[in-house]
Amino acid sequence: MKHFVRSLKYLLFLCVLYVGLVWLISLTDPSAGSVKVQLMAQLTSGNGVWMIVAFIALAAFYPLFGFMRSRIDGFEAERDTVRLDNAMQLYGFKLVEQHDGVRVYRATSFLRRLMLMFEDRIEVRERDGGIELVGIRRMVSRIAYQLSAYLRNSRFED
């Protein structure tokens, strides 16, 4: 069910983006006609049908490549909690939940949540010898890189 909801959100995002671009075109070129006329002309053409198929295909596969798990070995959750919180805060996330070795972070601002299509939940799970981050790909990869750098630099602190 989660896969289906994420696909629908992404399809809606693509449609809003497309309509916004057509609206901008109608503002810059008044001779092109209204937004409704442009949309109908484009979507009823052969290329318009292929664009609809491409939007649906992108939306269907988005949950598969838009989310990831990243494992960081050598990260001790008890000792490095401050580093974890600092990295999450650096990217605009705050701790909202903590239970059974799982820490859940959400975006702090409404604008960031909107940009992430309200898929701003990042889970940090304790695994043997490290932690695992689960969430939207672009944020998890950035945070994992930051935490790896913290871990490498902490070796020189001792």
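The values are calculated or read from the model by the stated rules, or taken from the named source; none is laboratory data. These figures come from a predicted structure and were not determined experimentally. For neighbour counting, all protein chains shown are included, and Cβ atoms are generated from backbone atoms with ideal geometry for every residue, glycine included.
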task = Select, from Ser45, Ser31, the only residue that is outside the structural domain of Ala149 (by TED's automatic domain parsing), loosely packed, with under 11 Cβ neighbours inside 10 Å and modelled with pLDDT under 90.
result = Ser31
note = Listed by first then second residue, the pairs whose first member lies in segment 146-158 and is under 16 Å from Arg71 (Cβ atoms), whose partner is modelled with pLDDT of 80 or more and of a type in the set (Phe, Trp, Tyr), with beta carbons under 8 Å and at least 6 positions apart or on separate chains, are Gln146/Tyr91
query = Where in segment 28-122 are there helices (runs of 4 or more DSSP H), lying fully within it, with 3 or more residues that are over 18 Å from Gly135 (Cα atoms) and touching a strand residue (DSSP E or B) at 6+ places or on another chain (Cβ under 8 Å)?
reply = none
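Return the residues of segment 71-82 that are crowded, with 18+ Cβ neighbours inside 10 Å and not β-branched (Val, Ile, Thr); say none if nothing qualifies. Please lay out each step first, then the result.
Looking only at segment 71-82, we keep the residues that are crowded, with 18+ Cβ neighbours inside 10 Å, and these are 72, 75, 80.
Correct list: Phe75, Asp80.
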query = Which residues, taken from segment 1-18, are more than 15 Å from Leu114 (Cα to Cα) and surrounded by 15 or more Cβ atoms within 10 Å (Cβ to Cβ)?
reply = Ser7, Tyr18
request  = Could you check Leu111 against (1) surrounded by 13 or more Cβ atoms within 10 Å (Cβ to Cβ); (2) assigned by TED's automatic domain parsing to the domain that holds Arg142 and say which number it fails?
outcome  = (1)
remark   = Conditions (1) surrounded by 15 or more Cβ atoms within 10 Å (Cβ to Cβ); (2) more than 26 Å from Tyr18 (Cα to Cα) -> Ile136 fails only (2)
